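Below you'll find the structure, written out as structure tokens, and then a few comments.
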Amino acid sequence: MSTESGVTVLPGRVLVVDDDETIRLLARATLELAGYEVSESSDGTAALDVFREISPDLILLDVLLPGKDGFAVCREIRALPAGADIPIVMMTGLDDVESISRAYGAGATDFIVKPINWQILACRVHYIFRASRAFMALRNNEINLLQAKDAAEAANLAKSQFLANMSHEIRTPMNGVIGMTSLLLDTELDKEQREYAEIIKASGAHLVGLISDILDLSKVEAHKMELESSAFNLREMLSGTIDILQLQARAKGLELGVSIDSDMPLLLQGDAGRLRQVLTNLIGNSIKFTPSGSIYVHVQNDREDRDSVTLRVLVRDSGIGIAPDKLELIFEPFTQADGSNTRKYGGSGLGLTICRQLVELMGGEIGLDSVEGEGSVFWFTVVLKKQTVRGVASQQSEPDGCVGKPSPAAKGLSVLLAEDDITNQIVVRTFLVKLGFIVDIAENGREALNALHQKDYDLVLMDCMMPGMNGYEATAAIRDHSSSVRNHDIPVIALTAHVMRSDREKCLGAGMNDYLAKPLEFTALIAMLDKWLGGKAKKCC
């Protein structure tokens, strides 16, 4: 690197292409004095050979050359992989608009008219070098950023897959823990034994909740969180959510109330499950961090048009509140306002992060107003569609009252349970037998097909991941009319610890009729049996 007339010169190779020897000599002298390494060529064809040989950093190219003119040479250099970004300065006595346009059209970086001021040329070469290298640095940074982005996305995908696999591996034994505890609680126990069993069940449910939070976060980060859309009644959904949480509130001596503005449309279309998840998390948080007093939920009509409505939900509590400097952190993952609260109150620190992501997916926003020691007001908005006439009719056709469930009159109905985990076999079989079903067990897909060949069943509960032939393969064989099973249309219900939406779609795509996630909730199993055997099993409320 050298300095000429106060200008710092970047070292580099320059190729001068001109049929005038004097021009080449003056260019060489000027540029070598400025610290550049110079090569020469007197015609266009030779210039291409020199370019391939020395790979110059910049080219000074005359327009009027013997053989190939400068326009043709410029185009050919630009067509080469190594010449796509090389600065090319055209030199010519032609200063008309057409010639200048042709030069830039051929790919020239710049244009200088003869007679040449060599001092100005040296400065121009210097600044073109600097601009070119800055451009190359930016492009390399862009390439590096894209590569880093791809690597980060691949790592995120691998993390999400790992979390999904771990969720599956944990949910399977948890199905046994929670299921066996539920069966134990259904037996004769003394007060102390029942208390221990209820603690085990509550702890298991808490662990499953943490697993679900982590899996939800991984789905959001992997952009795999998708919303469903179905008709629901806002008042009924809110009432059901409050009823569930009311037990927790009463256990702490808290008052839990709810109100809905009178102008709020109640028949809506959207993902009621995810909306309930946000409500449950915020109200549950208020219950957790409110030692005494009350929690009040209020639903407002924020905005409304012909097709949609924006709900604003406020959850106000008289709890411990949050310090002003912690408010911005509260929605970050794995964060609680006070680290000591993690030990005192528990929690993964993921719930509010997931709430924020879900609310944003539903077209809204979430926020918090709080005074330390006095309480907090969590609020969020979501945009929901109003129900169409068809949606209203569909909702109103649903029967009132409790979910129908098979009664002991289900005796005589037979279920084939395809499940390889022994504990899960015991849990599900015991529960079904108590309901009056006849239950046979197959430990893999091949055994399930053999059973369906030998005997008529009313329904199959099919685990997806089994050794040998898995549930997907077994279901495909059941639906294949060339197979030997007796009933190719038998209802097949997936039992799986894979709980991504894509897993549900995979089950349905394999020919299964429906889907139950592990850990298995007995109420969900009852509802599923009623759904697919409703014509055979009596209903009771």
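Is it the case, given these coordinates, that Val125 is among the β-branched types (Val, Ile, Thr), at pLDDT below 80 and crowded, with 18+ Cβ neighbours inside 10 Å?
On the way: among the β-branched types (Val, Ile, Thr): yes; at pLDDT below 80: no; crowded, with 18+ Cβ neighbours inside 10 Å: yes.
Taking the combined requirement at face value, the residue does not satisfy it.
Please go through segment 295-309 and pick out each residue that is over 28 Å from Glu255 (Cβ atoms), part of a strand (DSSP E or B) and in contact (Cβ under 8 Å) with a residue 24 or more places away in the chain.
Answer for segment 295-309, where residues must be over 28 Å from Glu255 (Cβ atoms), part of a strand (DSSP E or B) and in contact (Cβ under 8 Å) with a residue 24 or more places away in the chain: Glu304, Ser308, Val309.
Restricted to segment 492-532, and to residues that are modelled with pLDDT under 85 and among the acidic types (Asp, Glu), which residue is least open to solvent (accessible area, probe 1.4 Å)?
Filtering first and then ranking leaves Asp503.
Being out of contact with any strand residue (DSSP E or B) (no Cβ under 8 Å at 6 or more places or on another chain) and either within 30 Å of Val14 (Cα to Cα) or modelled with pLDDT under 80 (or both): is that true of Ser167 here?
So Ser167 fits the description; yes.
Just one of Ala79, Ala134 is under 20 Å from Val14 (Cβ atoms) and without any contact (Cβ under 8 Å) to a residue 12 or more places away in the chain; which is it?
Ala134
All but one of (1) open to solvent by 80 Å² or more (accessible area, probe 1.4 Å); (2) modelled with pLDDT of 75 or more hold for Met174, so report the exception by its number.
Exception for Met174: condition (1).
Restricting to segment 409-424, and then to whatever is in a helix (DSSP H, G or I) and open to solvent by less than 20 Å² (accessible area, probe 1.4 Å), can you tell me which residue is modelled with the highest pLDDT?
Asn424
Which residues, taken from segment 452-479, are crowded, with 18+ Cβ neighbours inside 10 Å and part of a helix (DSSP H, G or I)?
Leu452, Gly471, Tyr472, Ala474, Thr475, Ala477, Ile478
If a residue has to be surrounded by fewer than 18 Cβ atoms within 10 Å (Cβ to Cβ) and either farther than 18 Å from Asp20 by Cβ or in contact with a Cys (Cβ under 9 Å, 6 or more places away or on another chain) (or both) to count, how many in segment 55-72 make the cut?
Counting residues in segment 55-72 that are surrounded by fewer than 18 Cβ atoms within 10 Å (Cβ to Cβ) and either farther than 18 Å from Asp20 by Cβ or in contact with a Cys (Cβ under 9 Å, 6 or more places away or on another chain) (or both) gives 2.
Considering only segment 90-104, state which residues are part of a helix (DSSP H, G or I) and without any contact (Cβ under 8 Å) to a residue 12 or more places away in the chain.
Val97, Glu98, Ile100, Ser101, Tyr104
Residue check: is Arg486 open to solvent by 30 Å² or more (accessible area, probe 1.4 Å) and not in a helix (DSSP H, G or I)?
yes
Return the only residue of Arg75, Arg52, Arg24 being closer than 16 Å to Leu121 by Cα and either touching a helix residue (DSSP H, G or I) at 6+ places or on another chain (Cβ under 7 Å) or open to solvent by 10 Å² or more (accessible area, probe 1.4 Å) (or both).
Only one candidate passes the filter, namely Arg24.
Have a look at Ala154, Ala131 and point out the one that is closer than 24 Å to Pro87 by Cβ, hydrophobic (A, V, I, L, M, F, W, C) and either in a helix (DSSP H, G or I) or at pLDDT 85 or above (or both).
Working: Ala154 fails: closer than 24 Å to Pro87 by Cβ.
After applying the criteria, what remains is Ala131.
The values are calculated or read from the model by the stated rules, or taken from the named source; none is laboratory data. A quick note: this is a predicted structure, and the numbers were derived from the prediction, not measured. Cβ sites come from the backbone with ideal geometry, for glycine too, and all protein chains shown count toward neighbours. Quick note on the areas: whole protein, heavy atoms, side chains included, nothing else; ligands and nucleic acids left out. Shrake-Rupley method; radii C 1.70, N 1.55, O 1.52, S 1.80 Å.
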